[in-house]
Amino acid sequence: MSTSALEHPTFKRVKSAFGSCKLQATEFRGQATLVVEPKDLHAIMSFLRDDEECQFNFLADVIGIDYLGYPSKMPGRFAVVYNLCAYSRDDRFFVKVYLDPSIPTEGIEEDPALFVDSVCDLWNSAEWPERELFDMFGIRFANHPDLRRIMLWKDYPAHPLRKDYPLRGRGERESYRVVDRTSS
């Protein structure tokens with residue numbers, strides 16, 4: 001990109017359409033990121049897909065970040081990041097939403113602060129990454145068509161990609177028989 005990512009035309013389009021929303025534009029290594037409030041996420045994502053000048057018609061990925069122990073103060077402990085592509089312009093744009101837990105994160109209790117609207121109705125490609133974030137981080141997606149665990153069994157007692165989850169687990173390994181080459 002020859003100009004600064006902070007001058008990305010998508011920032012101006014979103015700001016003009018959502019002037020009353022709290023928005024933040026950031027840039028890192030030439031990549032533009034728009035930080036939005038959880039309540040505004042679905043409307044802004046719909047705008048980014050449908051607006052004639054934006055046309056972000058492909059959702060490449062949805063990722064989760066746990067900022068526990070991060071050296072800088074972040075607006076929330078968890079972030080959900082959407083990687084959008086507009087293939088007609090060979091343009092990539094990121095949208096980030098921060099979530100801060102309201103209860104301790106050691107277990108699998110449903111935290112009302114860790115909810116964000118699903119974008120499955122906008123991009124079918126969001127279904128499995130949102131399920132993975134639910135499974136691994138405990139972030140729930142409202143209006144998701146099939147929000148259930150995707151990697152771990154239904155009754156698994158935690159969300160293992162949270163940074164407060166112990167590296168050796170909480171005893172789940174001890175109850176399984178070790179299978180090696182001689183016993184398989």
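The figures follow:
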read-out	value
Selection status of residue 155, modelled with pLDDT of 90 or more and among the acidic types (Asp, Glu)	no
Candidates 92, 49, 13, filtered to the one that is assigned to a strand (DSSP E or B) and of a type outside the set (Ser, Thr, Tyr)	92
Qualifying positions in region 93-111 - surrounded by fewer than 18 Cβ atoms within 10 Å (Cβ to Cβ) and either modelled with pLDDT under 95 or more than 19 Å from residue 136 (Cα to Cα) (or both)	102, 103, 104, 106, 107, 108, 109, 110
Selection from region 113-143 of residues that are in a loop (DSSP other than H, G, I, E, B) and either touching a strand residue (DSSP E or B) at 6+ places or on another chain (Cβ under 9 Å) or of a type in the set (Phe, Trp, Tyr) (or both)	118, 119, 120, 122, 123, 138, 139, 143
Residues that are charged (D, E, K, R), part of a strand (DSSP E or B) and at pLDDT 95 or above, drawn from region 17-46	none
Whichever residue in region 66-97 is of a type in the set (Phe, Trp, Tyr) and out of contact with any helix residue (DSSP H, G or I) (no Cβ under 8 Å at 6 or more places or on another chain) and, among such residues, is nearest to residue 159 (Cα to Cα)	67
Given (1) closer than 21 Å to residue 39 by Cα; (2) surrounded by fewer than 18 Cβ atoms within 10 Å (Cβ to Cβ); (3) not hydroxyl-bearing (Ser, Thr, Tyr), number of the condition residue 137 does not satisfy	(2)
Region 32-82, subset of a type in the set (Gly, Ala, Ser) and over 14 Å from the mean Cα position of the chain (by Cα), residue nearest to residue 160 (Cα to Cα)	69
Near pairs, Cβ below 9 angstrom, 6+ apart or cross-chain, from region 132-158 (of a type in the set (Ser, Thr, Tyr)) to any residue that is assigned to a helix (DSSP H, G or I)	156/135
Selection count, region 120-135, where residues are in contact with a Ser or Thr (Cβ under 8 Å, 6 or more places away or on another chain) and closer than 14 Å to residue 85 by Cβ	2
Filter result for residue 114 (within 15 Å of residue 164 (Cβ to Cβ) and buried (at least 16 other Cβ atoms within 10 Å of the Cβ))	yes
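The values are calculated or read from the model by the stated rules, or taken from the named source; none is laboratory data. Being a predicted model, the structure only gives us computed values, none of them experimental. Please note: Cβ atoms are built from the backbone with ideal geometry, for glycine as well, and neighbour counts cover all protein chains shown.
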